[in-house]
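What follows is a short report on a single structure.
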Amino acid sequence: MSDVSAPSAAPTDPSHPLLPSAVAFHRDGNLDEAAKLYREILSESPRDFDATHLLGVVALQQGQFDAAQRLIHAALVVNPRDTSAMANLGTSYMHAGQLESALQWFESARMLEPDSRTTNTNVGTVLHNMGRHRDAIPVLRKANLADPDSYAVCILLGACLLEIGEGGEAADWFEAATRTAPDNGEGWAHLAVALNAIGRSERARESADKALTLNPQSSIALGALGKAQFDLGSVTESIESYRRVVSVARPSAQMLAAYGSALLSGGLHDEAIAQFERAVELDGHLNFRWTMAIACLKPIYLSESQVEGSRSAFAKALEEVEAWYRSSEDVKEPFRAVGINQPFYIAYHPFGNRELLSRYGALCTSWMTTLPSDIYDAGGNFRTGGADRARGKLRIGIVSAHIHQHSVWNAITRGWVYNIDRTKFELHIFKLDGRSDQETEKARGAVDHFQYQPKSLREWISAIRSQDLDVLIYPEIGMHPLTLQLACLRLAPVQAASWGHPETTGLPTMDLYISADAFEPVNASENYVEELVRLPNLGVYVEPLAPAISNPGLGSLKLPGNEPLLLCPGAPFKYSPLYDDVWVNIARHLRKRFLRRSSGGRLVFFRSGNDMVDRMLESRLRGAFERADVEFDEHVSIIPKLERSRFFGLMRQSALMLDTLGFSGFNTALQAIECDLPVLAFEGEFMRGRLASAIMRRLDLPELVATTTEDFVQKALDLAGDAGRRKTIRTKIIARRHVLFHDTAPIVALERSLTDAVARSRAKPSH
């Protein structure tokens with residue numbers, strides 16, 4: 001951020017004959033000659049205001065702040081009401097890091113000229129530099145009224161608003177700056193940062209590219225580009241952008257943390273930790289400590305011991321952050337740490353996570369209570385509204401970042417929106433993400449209230465509270481920062497989570513966890529901090545996707561057309577090293593069983609688009625095959641991720657789909673069933689490992705469910721080698737799959753569960 005107030009060099013009354021020449025030298029940048037003449041004037045007239053003041057300005061421009069302060073103070077003794085001198089004295093203090101003194105002199109000038117753009121801008125600038133962003137905003141708004149076209153004021157206002165979480169309005173001001181000065185790359189760079197903050201990643205990338213066209217070395221633009229690329233899934237490109245930042249500038253702690261997050265997603269764990277450590281060294285703020293703690297959890301592991309080690313490291317990091325937080329007296333705005341990074345990958349560990357996530361959730365909710373807001377009363381209690389208004393339809397709110405074509409929408413939320421009884425319930429959607437499509441537009445017309453305009457956390461809180469809800473449901477928590485921040489607050493009397501991210505939230509603010517009877521083992525309630533709601537059957541109302549289906553082009557994918565294709569469609573982080581031997585053993589026995597044929601079958605994995613993670617998984621699997629003396633390329637193909645029509649076409653031409661062990665697939669299994677493709681499911685210990693097996697059991701196909709890894713391998717081999725049996729199973733799938741779709745029983749049960757929960761809430765004594 002450049003300083004707004006430049007030292008004035010205009011004389012008040014050029015009475016001394018040498019003064020015009022001195023000022024001319026000064027304006028031309030010949031500071032030494034100007035200073036020489038100013039001193040000559042002062043040798044003749046020691047109390048000459050202009051010579052004293054402007055000699056101080058020369059000292060200021062030359063970085064001699066003590067001399068500047070002494071000289072300008074002396075000038076103000078002669079003319080104590082000169083606002084230019086006050087401004088320059090304030091500037092000298094600001095450059096010297098003496099912000100309180102700078103503010104004192106800027107405020108003195110503003111008292112004399114309260115409506116001046118310059119005086120208000122100076123005060124706003126120093127307040128911004130002091131971190132007093134909320135105080136700076138009204139002052140800067142006044143400066144804008146005096147000069148609406150001031151580029152500097154627009155930039156400062158945007159910066160202050162961004163700091164307090166008002167990303168939407170910040171973007172508006174930065175955009176105004178780009179209109180005022182379209183050839184200034186700084187404005188485009190700051191606009192990109194603000195657009196990233198409100199989830200407008202595509203526009204952020206465009207703005208960052210524009211900034212870099214104007215200034216290829218802009219660290220702000222490079223950082224914004226890296227963030228936009230990361231959010232759009234281009235992890236490799238994001239890492240490269242952050243590398244350029246580090247090479248052209250001294251990166252801030254925030255930039256290093258963002259770089260570390262990109263490295264972590266790219267599977268470069270050790271490099272990521274190094275960046276997080278650098279960030280903490282530069283700035284020990286909670287945000288960076290928290291990011292480093294969660295970085296203990298990797299997307300890809302090379303061994304089982306690494307999985308266990310990361311869990312221990314995460315537990316220790318939670319303890320360390322909590323201890324540091326408790327011992328620190330002044331942690332600024334701890335709520336800002338919530339959602340900055342989330343333990344997304346812990347759900348892919350085939351272990352119970354309730355204890356770890358409970359500790360994580362307790363920290364998040366405690367930090368969110370520090371948010372300046374009116375949602376709590378003086379005793380720290382939630383100000384409820386739903387229990388007090390007249391009885392009528394129950395008001396249900398749905399908070400989601402995925403009200404568009406997405407796995408969470410397709411599997412869970414869509415069925416609620418179109419099938420909950422509207423004679424008994426009002427539906428209110430709060431759409432957090434900026435992406436929209438045809439599904440979004442249909443949903444908008446299907447509910448009583450559809451909110452998508454708020455641009456900041458505080459605005460979202462206000463928007464949700466204004467609807468006076470009885471129930472607030474979060475279909476997915478753990479995938480979007482704003483979703484987590486809101487979920488950590490008590491915004492409705494009854495709050496519920498569901499399995500869009502299939503794991504307990506760990507949040508004490510969640511009352512219910514909406515799952516399905518078919519997903520959960522007998523002792524499932526032990527896995528949740530929430531009260532578990534087991535809806536009947538699959539717990540959801542889903543419909544077939546019925547997309548257009550195209551020829552996948554086996555030749556272009558380098559897949560054989562004369563052997564069984566066994567699809568393994570999970571994302572790379574779903575494949576735990578605990579189960580690498582499963583794939584090796586399937587391949588080994590396929591080779592032995594079908595030795596007389598060219599090949600007995602082919603495992604088909606899919607690339608994710610994250611090149612680094614894809615390479616890490618492939619390298620790990622190749623290592624496992626090599627250690628077992630099984631030829632990898634003979635039985636394994638890894639192909640690009642396919643668009644939906646080609647993927648459906650490939651499923652139609654495949655023999656079998658193999659479930660991911662430990663973290664099952666729901667939408668993918670349903671899609672396979674649509675294509676008559678048998679899915680061999682693995683029934684895990686936790687809900688997230690039982691999604692596909694629930695579908696197979698619902699179809700009354702226990703032959704497609706394995707409960708041990710040995711059973712999984714054996715059934716995969718039997719099915720791969722028996723085309724007649726697969727044909728029989730396909731016939732059963734076609735005859736029975738209607739039971740999976742258009743099931744209203746879970747909707748009725750959900751309505752009853754929510755009604756009962758609201759009744760219990762209303763029956764509780766008020767505080």
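The values are calculated or read from the model by the stated rules, or taken from the named source; none is laboratory data. The structure displayed is predicted, hence computed values, not measured ones. Methodologically, a virtual Cβ is constructed for each residue, glycine included, from the backbone with ideal geometry; neighbour enumeration extends over all protein chains shown.
Those residues that are out of contact with any Phe, Trp or Tyr (no Cβ under 6 Å at 6 or more places or on another chain), free of Cβ contacts under 8 Å to residues at least 24 places away in the same chain and not in a loop (DSSP other than H, G, I, E, B), I need them from segment 439-466; list them, please.
Answer for segment 439-466, where residues must be out of contact with any Phe, Trp or Tyr (no Cβ under 6 Å at 6 or more places or on another chain), free of Cβ contacts under 8 Å to residues at least 24 places away in the same chain and not in a loop (DSSP other than H, G, I, E, B): E441, K442, G445, H449, F450, S462.
Let's see how each residue does on (1) under 21 Å from F573 (Cα atoms); (2) out of contact with any strand residue (DSSP E or B) (no Cβ under 6 Å at 6 or more places or on another chain):
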site	(1), (2)
L658	yes, no
F666	yes, yes
A669	yes, no
E683	yes, no
G689	yes, yes
R698	no, yes
D711	no, yes
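What pairs can you find where one residue is in segment 227-256 and of a type in the set (A, V, I, L, M, F, W, C), the other is outside any helix (DSSP H, G or I), and their Cβ atoms are less than 7 Å apart, with a gap of 6+ or different chains?
V235/G266; V235/N610; I239/G266; V245/P251; V248/Q217; A253/D283
Please report, ordered by residue number, the helices (runs of 4 or more DSSP H) entirely within segment 31-109 with at least 3 residues that are among the aliphatic types (A, V, I, L, M), buried (at least 22 other Cβ atoms within 10 Å of the Cβ) and under 52 Å from the mean Cα position of the chain (by Cα). Explain how you work it out, then say what you get.
Working: elements: 31-44, 49-61, 65-78, 83-95.
Helices (runs of 4 or more DSSP H) meeting the threshold: 49-61, 65-78, 83-95.
So N215 fits all but one of (1) within 24 Å of K332 (Cβ to Cβ); (2) over 16 Å from the mean Cα position of the chain (by Cα); what number is the exception?
The single condition N215 does not satisfy is (1).
Hey, among the residues in segment 390-446 that are under 19 Å from T755 (Cβ atoms) and among the polar types (S, T, N, Q), which one's surrounded by the most Cβ atoms within 10 Å (Cβ to Cβ)?
Checking each candidate, the answer is N419.
For N120, are the conditions met, namely being in contact with a Ser or Thr (Cβ under 8 Å, 6 or more places away or on another chain), touching a residue at least 12 places away in the same chain (Cβ under 8 Å) and in the same structural domain as H53 (by TED's automatic domain parsing)?
Values: in contact with a Ser or Thr (Cβ under 8 Å, 6 or more places away or on another chain): no; touching a residue at least 12 places away in the same chain (Cβ under 8 Å): yes; in the same structural domain as H53 (by TED's automatic domain parsing): yes.
The answer is no for N120.
Would you mind telling me which numbered condition in (1) touching a residue at least 12 places away in the same chain (Cβ under 8 Å); (2) surrounded by fewer than 19 Cβ atoms within 10 Å (Cβ to Cβ); (3) closer than 16 Å to M255 by Cα N287 fails?
(2)
With the checklist (1) more than 28 Å from Y541 (Cα to Cα); (2) exposed (fewer than 13 other Cβ atoms within 10 Å of the Cβ); (3) at pLDDT 95 or above in hand, flag the one item R752 doesn't pass.
The number of the failed condition is (1).
Output the residues belonging to segment 83-133 that are within 19 Å of A67 (Cα to Cα) and of a type in the set (D, E, K, R).
E100 - this is the single residue of segment 83-133 that is within 19 Å of A67 (Cα to Cα) and of a type in the set (D, E, K, R).
Just wondering, is there one or more residues in segment 590-600 that are among the aliphatic types (A, V, I, L, M), within 31 Å of the chain's Cα centre (by Cα) and not assigned by TED's automatic domain parsing to the domain that holds N419?
The first filter runs over segment 590-600 and keeps only residues among the aliphatic types (A, V, I, L, M), leaving 590, 595.
From what's left, within 31 Å of the chain's Cα centre (by Cα): none.
No: segment 590-600 contains no residue that is among the aliphatic types (A, V, I, L, M), within 31 Å of the chain's Cα centre (by Cα) and not assigned by TED's automatic domain parsing to the domain that holds N419.
Anything in segment 185-213 that is surrounded by fewer than 24 Cβ atoms within 10 Å (Cβ to Cβ), in contact with a Phe, Trp or Tyr (Cβ under 7 Å, 6 or more places away or on another chain) and over 24 Å from S436 (Cβ atoms)? List them, or say none.
Once the filter is applied, which keeps residues that are surrounded by fewer than 24 Cβ atoms within 10 Å (Cβ to Cβ), in contact with a Phe, Trp or Tyr (Cβ under 7 Å, 6 or more places away or on another chain) and over 24 Å from S436 (Cβ atoms), segment 185-213 yields nothing.
Among the residues of segment 287-339, which ones are touching a Cys at 6+ places or on another chain (Cβ under 6 Å) and not hydrophobic (A, V, I, L, M, F, W, C)? Even if it seems obvious, please write down each step before you answer.
Kept after step one, since they are touching a Cys at 6+ places or on another chain (Cβ under 6 Å), are these residues of segment 287-339: 310, 313-314, 317, 338.
S310 - this is the single residue of segment 287-339 that is touching a Cys at 6+ places or on another chain (Cβ under 6 Å) and not hydrophobic (A, V, I, L, M, F, W, C).
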